[in-house]
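Step one of this worksheet: look at the structure below.
Where a number appears in this text, it was derived from the coordinates with a stated rule and is not lab data. Just so it is clear, the model here is predicted, and its values are computed rather than measured. Using ideal geometry, Cβ is built from the backbone for each residue, glycine included, and neighbour counts are taken over all protein chains shown.
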2 protein chains.
Amino acid sequence: MPKSAGGKSGAKTGARAARPNNIQDLARIAGVSAATVSRALAGTGNISATTRERIRALASELDFRPSNMARSLRTGRTGTVGVIVPLGHEKSQHISDPFFMTLLGYIADRIADRGYDLLLSKVVPHDPEWLSRQVDTGRVDGMIIIGQSNQSDVINSVARFYNPLVVWGAALPDQIYCSVGSDNRLGGKLATEHLLSLGCRKLAFFGDPSVPEVEQRLNGFRDALRGVEGAVGATLPVHFTPEQALEDIAGFLDLADKLDGIFATSDTIAITALQALLDRRRAVPQDVKIIGFDDLDLARRTVPALSSVRQDLEAGAEALVDILFRKIAGEEVESVMLQPQLVVRGSTVSD
Amino acid sequence: MPKSAGGKSGAKTGARAARPNNIQDLARIAGVSAATVSRALAGTGNISATTRERIRALASELDFRPSNMARSLRTGRTGTVGVIVPLGHEKSQHISDPFFMTLLGYIADRIADRGYDLLLSKVVPHDPEWLSRQVDTGRVDGMIIIGQSNQSDVINSVARFYNPLVVWGAALPDQIYCSVGSDNRLGGKLATEHLLSLGCRKLAFFGDPSVPEVEQRLNGFRDALRGVEGAVGATLPVHFTPEQALEDIAGFLDLADKLDGIFATSDTIAITALQALLDRRRAVPQDVKIIGFDDLDLARRTVPALSSVRQDLEAGAEALVDILFRKIAGEEVESVMLQPQLVVRGSTVSD
DNA sequence: TTTCGCGCTGCAATCGATTGCTGAAGGTCA
DNA sequence: TGACCTTCAGCAATCGATTGCAGCGCGAAA
């Protein structure tokens, strides 16, 4: 199958010549060499304005566009950025998780702004090759990795020889790659202090601390607890998948009847918890106050609306893409840490 | 910049030879020709098992993977599927719309299952070239278009000569391309009949009927109304962007004080309407009943939970991808129409 | 009129993998 | 021992665009 299905056999009605399949065809039609056509279309090198415009007009009339594959092969540039989600923790986790989708949306917009395309890969890292496999095959000019998961070592080892790489997630002490993420510890502290300031003393942290971001938030939770006498905090390592999470949380709530405050490490988990609470006729925020993390669109839509620690994902996406393109251009770039912000709504404070 | 940043200069500690940059290098190291290496790695053609395994082992040891660009150029296959969202109606519409993201998530999963990659493009079709530009440059083996928007003509004209193309959206009478979508008219009818059966008589349809899917739902709305004496229905062409939608809806609600039932053409719009109603102290479902369309995850999470017309997006994604791969394989394929399903929750019926 | 210079264009190599065809090596059979 | 077949590997062309270098032609200066 030398020509893939489709090809370019179609032609506009009334086109003068057969639709050119490649730059050579067009060159023949125009009566010049392929080199000239290439220069005309790319606008590079020495070429007379007359010739350039003539060839461009012809190309547009015959509806010809040069092959990106061939150009990429020759130039080594692809015009494509890879976005990759390693789902290390939850094999069944879905790419359609709202947090991920929101961030992806912003990233897609920013990448599109620069005229690049976005190659999306979801990988379940069951072997340490997952990243180099993506990097090596040369289909992208750079990669954005969303969430280290538990794969920081692998990322480090690839980052050693592959520069154009940015990671969304926690800033880890031993990382040699650039990352963009919130100050998770501070965020955790803010959330917890908020609960404490409202009088909560029997707190719970919902989230799996084997994920680096979550661990940092948990540290912030503990920081805040240490400052208040009589306050206690339990940790429930909730799964990320909604069904599992509901089960985990329901079991916990049935036992924890003294509970008066919940800090959930994501809005998704918080909302699940909210539902579990309401199902059990425990009033929010009167009996139990609950605060999430991320401040996704969802948070505003629940009843009561969810308090949360806002991560500015739009700014984060901007930073990720900006850093990546700088790296591609060869600049030295620093990691970025975003300031989280407390957003208070009805799930912690009644109207 | 002949070698893009990064390259493959890195080597594993203790690797015997320098890391091969291409198949030729590896061939030299292995003492065979490039052709043999190619056959060994691809597993094609005549090659002895001994040689094949030896070369594979060597490749894996030296961490070599052949260039996808070069392979694509030669074979005409890319291992990539394009997913493209034409945002014809709302220039400012965001790719991170929950409906789109949900569908994209499922599609991404299905495509990944087949070992393909997903090239995501968001385009604002300001000229009729937008699609052929994507198709021509030969970076994908096929394309999934999410939503015709108002671009059915353009899609038709490309479909005439480019076969591997599937569209999510309305089935239109004059389309020559394959589409996957719900029976929107039936869905609209189900939703409206539901409202009518609960006693609603002053109905409103929220949605912009210049979008084909929406128009079909509106037809279903009218079908149902026709059957009931004394029932009236207004149409409010709400924008898709949340801010605009809120404004549109708020203005309408302030005037329409007799309103007792709303059919919104998406859950997003329904939720916006729900909020606008609650802001105005109009009880849902007692004063006004409201039903959405899509049955996204969101719908379950509002209070009261949103009744909706379920589109099975998971099945839809499956069908889209299945059809696309069949087309790529050269099969003749038919369009698919999914059966929508009424999902009743608290926004139309109190517990 | 000759020479030099400059602006364009073409030639041909190149990016890296694939694949049809050729032919060498080794085995089989008469 | 010789003819013939099978198996496997290499040669070289190919995909389509890019780009360093060579060279042509024309105008200007001497």
Within region A:221-240, what residues put their amide N at less than 13 Å from the label point 7 Å along the Cα-to-Cβ vector of residue A:210? A:237-240
In degrees from 0 to 90, rounded to the nearest 10, what is the angle of the helix B:98-113 Cα long axis to the longest principal axis of chain B? 30
What FRET efficiency comes out for residue B:75 versus residue A:314 if R0 is 41 angstrom and r is the Cβ-Cβ distance? Round to the nearest 0.05. 0.55
Sorted on mean Cβ neighbours within 10 Å (highest first), peptides A:79-86, B:331-338, A:339-346 come out as A:79-86, A:339-346, B:331-338
In the neighbourhood of residue A:332 defined by beta carbon distances under 14 Å, the net charge of the other residues (Lys, Arg +1; Asp, Glu -1) is -1
Here, residue B:244 and residue A:279, labelled 7 Å along Cα→Cβ, have an inter-label distance in nm of 3.9
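Mind checking the mean number of beta-carbon atoms from other chains within 10 Å of the Cβ atoms in A:115-122?
Numbers: counts 0, 1, 10, 7, 6, 10, 6, 8.
The shielding value for this peptide is 6.
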Counting Lys +1, Arg +1, Asp -1, Glu -1, what net charge surrounds residue B:116 among other residues with beta carbon under 11 Å of its beta carbon? 0
Toy charge model, Lys and Arg Cβ at +1, Asp and Glu Cβ at -1: region B:23-66 dipole around Cα centroid in debye, rounded to 20, equals 140
Label position 7 Å from Cα toward Cβ: report the copy-to-copy distances for residue B:77 in nm, one decimal, ordered from shortest. 3.1
Between the alpha carbon centres of region A:91-155 and region A:213-230 the gap in Å comes to 30
How tilted is helix A:267-279 with respect to the longest principal axis of chain A? Cα atoms for both, answer in degrees (0 to 90, nearest 10). 40
Along the Cα→Cβ direction, 7 angstrom out, place labels at residue A:54 and residue B:222. What is the inter-label distance in nm? 5.6
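Taking all pairs of distinct Cα atoms, average 1/r, flip it, and tell me the Kirkwood hydrodynamic radius of region B:184-311 in Å to one decimal place. Display every interim value, and only then the final one.
Details: mean 1/r = 0.0715 Å⁻¹.
By the Kirkwood definition, the hydrodynamic radius is 14.0 Å.
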Where the label is 7 Å out from Cα toward Cβ, how close does residue A:160 come to the same position in every other copy, in nm, shortest first? 5.7
Loop-located GluC sites (Glu not before Pro) in region B:214-251, at most 11 other Cβ atoms within 10 Å (DSSP): B:229
Trypsin sites (Lys or Arg not before Pro) in region A:51-91 lying in a DSSP loop, each with at most 15 other Cβ atoms within 10 Å of its Cβ, come to A:77, A:91
What distance in nm separates the simple spin-label points at residue A:156 and residue A:202, each placed 7 Å from Cα in the Cβ direction? 4.2
How many nanometers, to one decimal and shortest first, lie between the label point of residue A:129 and those of its other copies, if labels sit 7 Å from Cα toward Cβ? 4.2
Helix A:212-226 sits at what angle to the longest principal axis of chain A, using alpha carbons and giving 0 to 90 degrees rounded to 10? 30
For peptide B:66-77, compute the average count of partner chain beta-carbon atoms within 10 Å of each residue's beta-carbon. 6
